[in-house]
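Have a look at the structure below, then the notes.
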Amino acid sequence: MLCQADLAKQRAKDLLDPTTDIGRAHLKEQKKKAQEELDFLLHKKGIKVKQPELPEGVDPKTVLCEFFKWNCCTKGDKCKFSHDKAIEKKVRQPQP
Ligand SMILES: [Zn+2]
C-alpha cells in the first residue's frame, strides 16, 4: 500500500513527467503563466524579454537566462542558458 509520502512523491514525479496527463497539464499551465508574465512585462513595463545574443564560441551555460531572470523560463533544466543567478559573478572572475 502506498503511504502519503509515496503518493506525494509520485505526484511530484508525474508533475514533472510530460508523458503523463498531469505532467502535460502542469507544463501547459507553466507555459501559460510564463506567457502571461511576459505579456505583463511587455505591455505594462515595456520590457521585451529576449535571450542574449551569443558571440561565437560562448557557452550558453555561462550566460544567465533572460527569461529565468524574470521568472518566466519554462524550459527548466532543459534550458540551454544558465539558471544560476550567481553565474555572472562566477564567469566574470578577475583575470589572473
Ligand atoms: Zn531558461
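Brief remarks follow.
- Among (1) farther than 27 Å from L15 by Cα; (2) modelled with pLDDT under 95 - the single one H43 does not satisfy: (2)
- Search result, residues across region 49-66 that are in a loop (DSSP other than H, G, I, E, B) and out of contact with any strand residue (DSSP E or B) (no Cβ under 7 Å at 6 or more places or on another chain): V49, K50, Q51, P52, E53, L54, P55, E56, G57, V58, D59
- Test: residue in region 28-40 that is exposed (fewer than 13 other Cβ atoms within 10 Å of the Cβ), modelled with pLDDT of 90 or more and of a type in the set (A, V, I, L, M, F, W, C): no
- For region 15-25, filtered to residues that are assigned to a helix (DSSP H, G or I) and modelled with pLDDT of 90 or more, the residue that is surrounded by the fewest Cβ atoms within 10 Å (Cβ to Cβ) is D21.
- Qualifying residues in region 67-81 (those that are within 8 Å of the ligand (Cβ to nearest atom) and not in a loop (DSSP other than H, G, I, E, B)) - the one surrounded by the most Cβ atoms within 10 Å (Cβ to Cβ): F67
- Candidates are the residues of region 40-66 that are over 16 Å from the mean Cα position of the chain (by Cα) and basic (K, R); the one that is nearest to the ligand (Cβ to nearest atom) is K48.
- Residues of region 49-77 classified as basic (K, R) and modelled with pLDDT under 90, total: 1
The values are calculated or read from the model by the stated rules, or taken from the named source; none is laboratory data. Predicted model only: the values in this text are computed from it and were never measured. Neighbour counts are summed over all protein chains in view; Cβ atoms, including those assigned to glycine, are modelled from backbone coordinates with ideal geometry.
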